[in-house]
Structure formats: C-alpha cells, structure tokens
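For reference, the structure is listed below as structure tokens.
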Amino acid sequence: MIPLRDTLRSPRFPVVTVSLIVINLLVFLYQGYLQTQPSSWNDLAPWRASRLVPPPAYSDRAYQLHLAEGGNPSQYPISAANKLIAQFALIPGELLGGRDLPPTIPFPLWLTLLTSVFLHGGLLHLLGNMLYLWIFGDNVEGAMGSVRFLIFYLLCAVAAAGAQIAVDPRSALPMIGASGAIAGVLAAYLMLFPFSRIVTLIPIFFFARLVAVPAVILLGLWFLLQIVSGLSSTGGAGGTAWFAHIGGFAAGLLLVFLFRRKDVPITLWQVVRRRRPGA
C-alpha cells in the first residue's frame, strides 16, 4: 500500500515540515555531487584497534587492489560520498565507544544522532521518507505548533536511534535516514487523527486501486509490519533499521501527550478510554 495524500487540511502553512523536506533534498543533492568527486584514503589502523571492523564504506576488493598496487596497508580507498556518510552517519559502536574514528567530524560525536537523520542511501529511500513526511507532517505540525513539532521530530529521531543501538550496540554499520523520526510523526498522527482518510494506492496483481483507508488501519498495519520485520531480522537486515522505526513510533505515541496543543484532543486515547470497562 502506498499512501498518496490525506483528506485533512492543515490549519496553517507547515513551515517546519516543508523546511525539513527541503533540507533533506538539498543534502541528497550534495551527496549526489560528491559522487563526481575523486576518492581519498581513510586510516584503517584505528578501526582495527577498536575491533569495529570492517569500517564504513570498506570494500575488501578495493583494498586488495590497493595493496596489489603497493598501497599503504593501513589505509583503504573511500569515495567522497561514502566519506560523508562515514563522518555524519550514526555508528553505534563508535558512539558508545566514545571515540570518533576516521574520517572524523569537527564537532561532538553525539551530534551524529541528528546529522544522520538528514542523510539517505538512495533516491527511493529519500522519496519514500519525504512522501510520508509530506502527507502526515503538516497536520501534526498544525496540532503542535512549529517549534514544538521540530523538537518532537528530533526527539523521536534520538529515540529511534536509541532503540536501534540497543539491538546492536557494537555495530559499525552507519545508520542514516529520517524514517525513525517520521515514525514518530506517524504515531502522533494516529493518536490525533485516527479516523482521517488516507488516499492509498493498493496494487492488485497487474492493476491498482485508489482506496480511502482510515489512518488507524493504515498506520496500525504499518507499525505491525515493522514489528514483524524487526523480530524476524537481526535488526538491520536488508539495510533497514526496523527497531529504529519501532523506537521512533513508540516515542511518538508518548511524546504527543506533551507536545500537542492543549486544545487539540488526543482522539484515539479518548476512544480507548471510553471503551474501557468502568470508564
């Protein structure tokens, strides 16, 4: 199922949602530009000493070719685009070890909890995330206010990273992408607007239908898929950080109580409370 739009109108222009989308697009264009730049060398020795091997963007084939050409065995080739990811992605083992391994960054390592949210591994990765943020972010921002929404978004990103780190704390695989933060936005939308209709493209064999699906069904199924996928994987199989999605979503379910405006009802919570025996 591919959501295309919702049926709710945002009460105001979603300045933070649009700004986040623009920033993500600009960063991705910069990643694309770096693809045209020459490769450089990265220091392998600190990674070997830390036992977090192989390091990000390491290619044994390229390394062996490097050695065959008489290259320094303590270095390995890395493209400019991969170097950016190795610097600004969140690497669990590096963060928990408290040591910024090369290529290093010019600010504290913990900030990669946030910088990693603005990097993406490919065009489909980017477009999928931005589509979900565009559909669900504007109304959540309207229900919170722009400043609160931005803080909410970043806190969900941190919670998502924490959940993935807890599953694989020694990992040297870079974590990138906005999906953990966006999972929190989906959770907030579910709590605030569960009965909103989401116009969704549903493929049926060689055909496709547009169906208006209630948010509670679409987002409930989405979250169930994350749980099933996470439990059936090692946490990041296929390049997807399932537990980051779960952690971000769980954070959104809780943080929406603190960040929504007081005049905005948490509809799903009210429905659940009314249906409880004795409520």
| Quick one: H66, H120, fewest Cβ neighbours within 10 Å first, how do they rank? | H66, H120
| message | In Å and on Cα atoms, what radius of gyration and Dmax does the range 78-230 show? | response | 17.4, 52
| field | Cα centroid separation, the range 157-227 to the range 1-69 (Å) | value | 21
| query | Under the definition of Cα pairs under 8 Å and six or more residues apart, what whole-number percent is the relative contact order of the chain? | reply | 24
| said: Please list, ordered by chain and number, the residues whose modelled amide H lies under 5 Å from the amide H of N42; skip anything fewer than 5 residues away on the same chain. | reply: Y76, I78
| Considering the Cα trace of the range 19-109, what is its radius of gyration and what is Dmax, both in angstroms? | 14.4, 48
| said: Net charge around E141, counting only other residues with Cβ within less than 12 Å of its Cβ (Lys, Arg = +1; Asp, Glu = -1)? | reply: +3
| remark: Along the range 168-185, Karplus-curve 3J(HN,Hα) (6.51, -1.76, 1.60; θ = phi - 60°) to the nearest Hz, with x for Gly and Pro, reads 9, x, 9, 5, 9, 7, x, 9, 9, x, 8, 5, x, 5, 5, 4, x, 5
| field | Residue-wise HN-Hα coupling along the range 256-271, computed from phi with Karplus coefficients 6.51, -1.76, 1.60 (Hz; x: Gly, Pro) | value | 4, 5, 8, 9, 6, 5, 5, 8, 9, x, 8, 4, 5, 5, 5, 5
| Using Cα-only point scatterers and the Debye equation, what is log10 of I(q)/I(0) for the range 69-141 at each q in 0.11, 0.26, 0.28 Å⁻¹, rounded to two decimals? | -0.41, -1.14, -1.22
| field | Whole-Hz ³J(HN,Hα) from phi, Karplus 6.51 cos²θ - 1.76 cosθ + 1.60, for the range 54-64, glycine and proline x | value | x, x, x, 6, 6, 10, 4, 5, 5, 5, 5
| note | Amide H contacts under 5 Å for I91, restricted to residues at least 5 apart in sequence or on another chain and with H modeled in the peptide plane, are M175
| note | When the chain is treated as a Gaussian network with springs between alpha carbons less than 10 Å apart, the largest mean-square fluctuation among I23, I135, I91 is found at I23
| field | Cα-projected label distance for Y30 with F257, points at 7 Å along beta-carbon direction, nm | value | 3.8
| query | In percent, what relative contact order does the range 18-82 have, based on Cα pairs under 8 Å that are 6 or more apart in sequence? | reply | 46
| What is the extension gain from V22 to L131, computed as 0.36 nm multiplied by their sequence separation minus the C-alpha to C-alpha distance, in nm to one decimal? | 38.0 nm
| task | Obtain the nm distance between the two label points defined at A208 and W110 by a simple spin-label model: each point lies 7 Å from its Cα along the Cα-to-C-beta direction. | result | 4.4
| Pairwise Cα inverse-distance average, inverted: Kirkwood Rh of the chain (Å) | 20.2
| said: Need the full-extension length gain, R61 to W269, defined as separation in residues times 0.36 nm minus the C-alpha distance. One decimal, nm. | reply: 69.5 nm
| Where does the chain land at 222 nm, in deg cm²/dmol rounded to the nearest 500, when only DSSP H runs of n ≥ 4 count, each adding -39500 (n - 2.57), divided by all residues? | -17500 deg cm²/dmol
| Per residue, how much space in cubic angstrom lies within the convex hull of the C-alpha atoms of the range 162-279? | 153
| Which whole-number percentage describes the relative contact order of the range 75-160, with Cα contacts under 8 Å and a sequence gap of 6 or more? | 26
| request: Would you mind telling me which residue in A244, A57, A163 has the biggest mean-square fluctuation in a Gaussian network model of the chain, where springs connect alpha carbons within a distance under 10 angstrom? | output: A57
| query | Between M1 and W41, 0.36 nm times their residue separation minus their Cα-Cα distance comes to what? | reply | 10.1 nm
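Readers should treat all values here as calculations from the given coordinates under stated rules, not as data from a laboratory. Please read these numbers as outputs of a predicted model, since none were measured by experiment. Heads up, the Cβs are rebuilt from the backbone with ideal geometry, glycines too, and the neighbour counts pull from every protein chain shown.
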